[in-house]
Amino acid sequence: EISIIAELFEIQDYKAGQAIIRPGFDQPDNLYILAHGEIQVKIQSSEGEAAIHVLKPGDLAGIITFAGGTSEHISATLTAVGDTKLLSMPKARFETLVNTHPMIMYKVMRGVVSDVHGIVRRMNAQSVELSNYIYRIHGRY
């Protein structure tokens, strides 16, 4: 199974500060796995650009377009922090597994869903933390 999946990926190298994904630009529908380095995730806020997370090796990126979303759904900029190596798999290559290796496809998608679930759990915890903070200070800041 590993050799079959390995054939689907390409290795992509990025230098420090190089954008990997940006809102407002056409993006390939690739799934990325961070193999080496770190990726900073930033969003545009009313106060400018704000870093909200740092991806570590093993983390996934590109899930929105890989899972069927469009470039318009992308709201964060992903930027390489130092030399960064990604494994990149185009959705079309992955979809070739539907008929030939459905169990591999199932296992990969189960991993993607698990990753998304972790993101949702982290966001929920941060939302509760923010709500508790606002409640403690009675809405003043």
Given the options T79, Y106, V128, identify the residue whose Cα lies farthest towards the positive end of the charge dipole of the chain (+1 on Cβ of Lys, Arg; -1 on Cβ of Asp, Glu).
V128
Debye intensity ratio in log₁₀ form over the Cα atoms of segment 11-71, taken at each q of 0.15, 0.23 Å⁻¹:
-0.49, -1.14
Fluctuation leader among K56, K107, K15 - the chain, Gaussian network, Cα springs under 10 angstrom
K107
Full extension between Y106 and S46 adds, at 0.36 nm per residue less the Cα distance, a length in nm of 17.6 nm
Would you calculate a helix-derived [θ] at 222 nm for the chain, using -39,500 (n - 2.57) for each DSSP H run of n ≥ 4 and dividing by the full residue count, to the nearest 500?
-11000 deg cm²/dmol
What value in Å³ per residue do you get for the convex hull of the alpha-carbon atoms in the chain?
124
Need the full-extension length gain, H36 to H73, defined as separation in residues times 0.36 nm minus the C-alpha distance. One decimal, nm.
10.7 nm
Percent accessible area from carbon and sulfur atoms, the chain, protein chains only, probe 1.4 Å
57
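Can you tell me what the convex hull of the Cα atoms of segment 44-99 projects to on average, as an area in nm²? Please report the intermediate quantities before stating the final value.
Numbers: hull surface 20.9 nm².
Its Cα hull, projected and averaged over all orientations, spans 5.2 nm².
Mind giving me the FRET efficiency for E7 and R121? R0 is 25 Å, r the Cβ-Cβ distance, nearest 0.05 is fine. Before the final figure, lay out the partial values.
On the way: r = 33 Å, r/R0 = 1.30.
Using R0 = 25 Å, I get an efficiency of 0.15.
Summing Lys, Arg as +1 and Asp, Glu as -1, what charge do residues with Cβ under 15 Å from the Cβ of S71 carry, S71 excluded? Spell out each step's value before the answer.
Values: positive: R22, K91; negative: D26, D29, E72.
Taking every other residue near S71 into account, the sum is -1.
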Within the set M89, M123, M103, GNM on the chain using Cα springs under 10 Å gives the largest fluctuation to M123
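Peptides 24-32, 110-118, 59-67, 44-52: what's the order by average Cβ count within 10 Å, highest mean first? Let's see the in-between values first.
On the way: 24-32: 17.0, 110-118: 12.6, 59-67: 18.7, 44-52: 9.8.
Highest mean packing first, the order is 59-67, 24-32, 110-118, 44-52.
Measuring with a 1.4 Å probe in the full set of protein chains, what accessible area per residue, in whole Å², belongs to the chain?
Numbers: 9250 Å² over 141 residues.
With the other protein chains kept in place, the chain gives 66 Å² per residue.
The values are calculated or read from the model by the stated rules, or taken from the named source; none is laboratory data. Model, not experiment: these values are computed from the prediction. A quick note on method: Cβ atoms are made from the backbone with ideal geometry, for glycine too, and the neighbour counts reach across all protein chains shown. Heads up: the accessible areas ignore ligands, DNA and RNA and are worked out on the full protein's heavy atoms, side chains in. Shrake-Rupley method; radii C 1.70, N 1.55, O 1.52, S 1.80 Å.
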